[in-house]
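Notes follow the structure.
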């Protein structure tokens, strides 16, 4: 059974039309991440929530926002999608335990299947 | 210098061959290291963590060299199903949350 679920799998939107991608998890992990991945490139971290604390990457455009209403859900909002925002968006979770041994499950990320966004 | 660097490949190897990938990292304070596998148009999946002592899982062996700041992945007896992109992941920094950085991946194609 999928533990990190992203919806929808495929999303088509129009240039400038706001879009929301969703991610839910059954792992009860305290950290949730959003990545953007373009073809033949590494996943690029946009931001993450450590519990309720939002952490934005310095180079993430203001066009991208996120919400985490509870432990299980996290949303990615793209306020005005441009053609350059067409990509795969990956949600991931991890369990962070301060002070844990390095060989623990700490920092192992579990990914959802992704949402492929097309912008017309 | 990139934080995490990998040879993009592709590595084209025949079935049964042994192939090795390296990944270098720039942050000497990095503490956790992983290899993920990503199939075409799919999400990354954890292949194995990399420990200082080196670790093995079946045909896969991972090594960490802190002095030279690289990790390696060795695949023995390559199978067609091993064809994928292998992503190196490094967790940097110390204390609290550790930033996760992905390499761009090394593409492996196993040929019949």
For the range B:101-110, check the following and say yes or no: at least one residue is under 25 Å from residue A:50 (Cα atoms) and in a strand (DSSP E or B). yes
Among the candidates B:74, B:64, B:46, single out the residue that is within 28 Å of residue A:51 (Cα to Cα), within 11 Å of the chain's Cα centre (by Cα) and in a strand (DSSP E or B). B:46
Any residue at all in the range A:71-94 that's within 12 Å of chain B (Cβ to nearest Cβ), surrounded by fewer than 20 Cβ atoms within 10 Å (Cβ to Cβ) and at pLDDT below 95? no
Determine whether residue B:51 is within 8 Å of chain A (Cβ to nearest Cβ), more than 24 Å from residue A:113 (Cβ to Cβ) and touching a strand residue (DSSP E or B) at 6+ places or on another chain (Cβ under 8 Å). yes
Kindly provide the set of residues from the range A:96-108 that are at pLDDT 70 or above and more than 7 Å from chain B (Cβ to nearest Cβ), ordered by number. A:97
For the range B:11-38, enumerate the residues that are part of a loop (DSSP other than H, G, I, E, B), modelled with pLDDT of 95 or more and surrounded by fewer than 14 Cβ atoms within 10 Å (Cβ to Cβ). B:15, B:16, B:18
Output the residue which, of all residues in the range A:48-58 that are assigned to a loop (DSSP other than H, G, I, E, B) and in contact with a strand residue (DSSP E or B) (Cβ under 8 Å, 6 or more places away or on another chain), is surrounded by the most Cβ atoms within 10 Å (Cβ to Cβ). A:57
What pairs come out if I take residues in the range A:52-75 that are over 17 Å from residue A:22 (Cα atoms) and pair them with residues that are modelled with pLDDT of 90 or more whose C-beta lies under 7 Å away, six or more apart or interchain? A:55/A:47; A:55/A:48; A:56/A:47; A:57/A:45; A:57/A:46; A:57/A:47; A:60/A:46; A:60/A:47
Residue B:71 - would you say it is in contact with a strand residue (DSSP E or B) (Cβ under 6 Å, 6 or more places away or on another chain), more than 13 Å from chain A (Cβ to nearest Cβ), loosely packed, with under 13 Cβ neighbours inside 10 Å and closer than 21 Å to residue B:10 by Cβ? no
Out of the range A:4-27, which residues are more than 20 Å from residue A:80 (Cα to Cα) and free of Cβ contacts under 8 Å to residues at least 60 places away in the same chain? A:24, A:26
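The values are calculated or read from the model by the stated rules, or taken from the named source; none is laboratory data. Note that the structure is a prediction, hence the values are computed from the model and not measured. Quick reminder, even Gly has a Cβ in these numbers, built from the backbone with ideal geometry, and neighbours come from all protein chains shown.
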